Amino acid sequence: MTESAAVILCVDDEPNSLVLRKLVLQKAGYEVITASSATQALDLLARQQVDLVLSDQLMPGQTGTQLARQIKNSWPALPVILISGVNEIPPDASVADVFMSKVEGPVAMCDKVRAVLAASNFPRH
Amino acid sequence: MNAHDKVNILMVDDQPAKLLSYEAILGELGENLIKALSGREALEVLLKTDVAVVLMDVSMPEMDGFEIAEIIRQHPRFQKTAIIFISAVHLTELDRLKGYQRGAVDYISVPVVPEVLRAKVTLFAELHRKRRQLEALNRDLEARVLERTEKLQESETQFRTLANSIPQLAWIANSGGDAFWFNQRWYDYTGTTLEDVGGAGWHKLHHPDHLARVIKGLEHSWQTGEPWEDTFPLRGHDGEYRWFLSRTVPLFDSHGNITRWFGTCTDISRQMAAEEALRKNERLAAMGRVAGIIAHEINNPLEAITNAFYLLESHPSLDKDARSLARMASEELARISHITRQSLSFYRESQQAVPVSVATVLDDVLELQARHFRISGVELDKAYKSNQLILAYPAELKQVFLNLVGNALQAMPAGGRLRVTVRETAERGRVPRGIRVSVCDTGSGIRPEDAKRLFEPFFTTKSTKGTGLGLWISKGIVQKYDGTIKFRSLKLSTGSSTCFSVFIPGTVSAHPSDASALTGVM
């Protein structure tokens with residue numbers, strides 16, 4: 001049986017950033033769905049199976065770490081990667097599986113996504 | 001002598017009987033009666049005793065009373081001694097007048113009327129008593145004046161000692177504003193003498209930009225009597241100007257008139273320097289906050305653009321030239337990313353330092369560089385001899401190690417060995433133990449002429465890559481932890497080796513599982 005592509009939920013309040021990140025992930029072979037806020041993200045997660053969440057940290061409303069905490073409450077094994085524009089790491093960053101900087105570049109981002117998925121025990125659809 | 005002391009009355013008569021009769025008459029006065037039978041005896045008594053009044057018999061055998069009186073009066077001490085002449089001879093008015101004019105003289109005619117004798121003697125006796133009392137009072141007053149003068153001098157000395165020991169420069173001016181006294185500190189600071197600065201001489205110590213304003217302010221005070229305050233630079237003996245806060249207040253006499261002006265100058269240069277430093281700190285803190293905001297504002301669009309060009313680089317609809325352009329843009333964007341990561345994360349945000357496992361941070365950094373290791377063919381040799389935690393900001397440590405490992409890898413483009421060690425140790429001469437991390441490469445080494453400048457900003461030995469900020473920033477971070485960063489470059493027969501070592505003092509005795517190090521699934 002061929003393995004289908006992993007589904008990644010990409011969250012960011014900036015539309016351009018969101019689209020470009022989605023395209024990069026798609027180029028790397030993933031299926032991508034998007035959300036513009038933590039609320040939207042949680043909504044999508046309730047209705048759809050997702051293999052990894054890649055979220056921006058600083059968003060209006062709930063931050064990435066707050067979203068990560070909520071995700072881990074409901075789906076403890078669902079991996080979450082937080083990607084941030086700020087160079088300093090917030091104190092509660094460890095709630096996510098990985099906290100990375102946007103400045104690390106698309107290749108590093110894809111590397112981390114691949115590594116996290118490989119290590120993940122989360123049930124695949 | 002007080003009001004009740006006895007005075008001495010000298011009675012001169014050659015006839016003892018007469019003396020006895022006078023004694024009888026004057027006895028009830030209660031004064032001291034002394035008898036003399038001749039002019040000579042009288043003088044002897046006068047020289048030994050303080051006599052209030054002399055009763056002089058005019059008709060005496062050797063010299064008459066008037067002649068004796070003349071002799072007595074020649075002596076400077078006895079020029080005003082009261083003499084009552086007892087005369088049987090009727091004196092002319094003219095003679096009496098002469099006597100009265102000479103002063104301290106009276107006449108009693110024979111036969112002597114006791115009441116008259118008593119009255120006249122009493123008069124002179126009282127006069128004498130009063131005079132002696134006045135003299136005593138005078139002496140008393142003089143003694144008091146002396147005492148007061150001494151006290152005043154003591155007070156002056158106290159004032160001078162005080163004025164010369166206070167840290168301020170002090171001065172006193174008369175009511176017209178002419179300075180006539182300066183304390184020792186003034187002379188010490190300005191290197192002047194009273195001659196140089198008295199009157200209006202102090203003008204020359206003021207900075208030309210401020211002198212006019214200071215003079216105007218002071219003159220206003222001299223005229224209105226209002227205290228004055230101002231801040232200005234004053235030239236010291238070394239020619240340098242320092243800032244002083246100067247105040248002057250008037251001193252009033254008991255009638256409310258201004259007698260003097262008393263002024264002080266307080267050196268506020270250190271205070272101003274502290275204020276300037278505080279302002280600088282605040283500016284730096286503000287810059288830090290702004291830098292944080294800028295970092296975020298730049299990083300977001302930077303990522304978007306980087307992603308866009310990354311996609312364009314391999315976009316099927318672009319020809320080779322267009323994709324080449326996209327690739328060049330990507331390279332330039334990578335440089336920008338490199339710079340923002342380095343320089344903008346230099347400022348600490350207000351967070352708590354947390355127990356950090358240095359070993360874990362190093363592992364994260366090495367993992368981040370894993371591809372670089374593979375591409376360059378560099379072997380990794382890890383020797384972590386300590387699991388100790390230190391109180392730190394994980395991002396800052398990561399920054400430093402990333403810089404050191406990155407530099408080491410760049411020094412070995414054609415392969416080599418990277419040795420990373422973590423050790424718990426104490427710096428020589430230091431009490432707190434700490435963690436030492438060394439990163440050693442087998443690269444081309446550091447030239448001696450570069451060694452001195454290695455930690456300078458914008459200094460780089462790499463021809464194309466690098467901002468030249470990495471080591472400067474790393475050093476800054478390490479110093480914030482009171483730590484040290486050193487390097488050693490050796491040339492061996494087998495090649496060269498460069499080791500950078502970082503020491504951070506202080507270890508935290510926390511359980512390694514408490515460490516909130518970077519988490520990474522690697």
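The values are calculated or read from the model by the stated rules, or taken from the named source; none is laboratory data. Owing to the predicted nature of the structure, the values given are computational and were not obtained by experimental measurement. All Cβ positions, glycine included, derive from the backbone under ideal geometry; neighbour counts span all protein chains shown.
The residues on offer are B:GLU44, B:GLU31, B:GLU62, and the sole one that is at pLDDT 85 or above, surrounded by fewer than 21 Cβ atoms within 10 Å (Cβ to Cβ), acidic (Asp, Glu) and in contact with a helix residue (DSSP H, G or I) (Cβ under 9 Å, 6 or more places away or on another chain) is B:GLU31. Could you please let me know if B:ALA273 is assigned to a helix (DSSP H, G or I), within 37 Å of the chain's Cα centre (by Cα) and either within 14 Å of chain A (Cβ to nearest Cβ) or without any contact (Cβ under 8 Å) to a residue 24 or more places away in the chain (or both)? Against the criterion (assigned to a helix (DSSP H, G or I), within 37 Å of the chain's Cα centre (by Cα) and either within 14 Å of chain A (Cβ to nearest Cβ) or without any contact (Cβ under 8 Å) to a residue 24 or more places away in the chain (or both)), B:ALA273 qualifies. Of the strands (runs of 3 or more DSSP E) that lie entirely inside region A:12-125, those containing 1 or more residues that are more than 28 Å from B:VAL365 (Cα to Cα) and more than 8 Å from every other protein chain (Cβ to nearest Cβ) span A:31-35.
Among the residues making up region A:70-94, those that are more than 22 Å from B:ALA353 (Cα to Cα) and not hydrophobic (A, V, I, L, M, F, W, C) are A:GLN70, A:LYS72, A:ASN73, A:SER74, A:PRO76, A:PRO79. So for region B:312-334 (the condition being within 14 Å of A:LYS102 (Cα to Cα), modelled with pLDDT under 95, at the interface with another protein chain (Cβ under 8 Å from one of its Cβ atoms) and touching a helix residue (DSSP H, G or I) at 6+ places or on another chain (Cβ under 9 Å)), does at least one residue qualify? Yes; the residues of region B:312-334 include at least one that is within 14 Å of A:LYS102 (Cα to Cα), modelled with pLDDT under 95, at the interface with another protein chain (Cβ under 8 Å from one of its Cβ atoms) and touching a helix residue (DSSP H, G or I) at 6+ places or on another chain (Cβ under 9 Å). When region B:444-481 is examined, which residues are found to be outside any helix (DSSP H, G or I), at pLDDT 85 or above and touching a helix residue (DSSP H, G or I) at 6+ places or on another chain (Cβ under 7 Å)? Scanning region B:444-481 gives B:LEU454, B:PHE455. Residues satisfying the criterion are present in region B:289-301 (criterion: away from every other protein chain (no Cβ under 11 Å) and out of contact with any strand residue (DSSP E or B) (no Cβ under 6 Å at 6 or more places or on another chain)). When every residue of region B:290-309 is checked against the conditions, none turns out to be closer than 27 Å to B:THR421 by Cα, in contact with a helix residue (DSSP H, G or I) (Cβ under 6 Å, 6 or more places away or on another chain) and at pLDDT below 85. Looking across region B:213-251, the residues that are within 20 Å of B:GLY177 (Cα to Cα), outside any strand (DSSP E or B) and either of a type in the set (Asp, Glu) or outside the structural domain of B:TYR187 (by TED's automatic domain parsing) (or both) come down to B:GLU219, B:GLU226.
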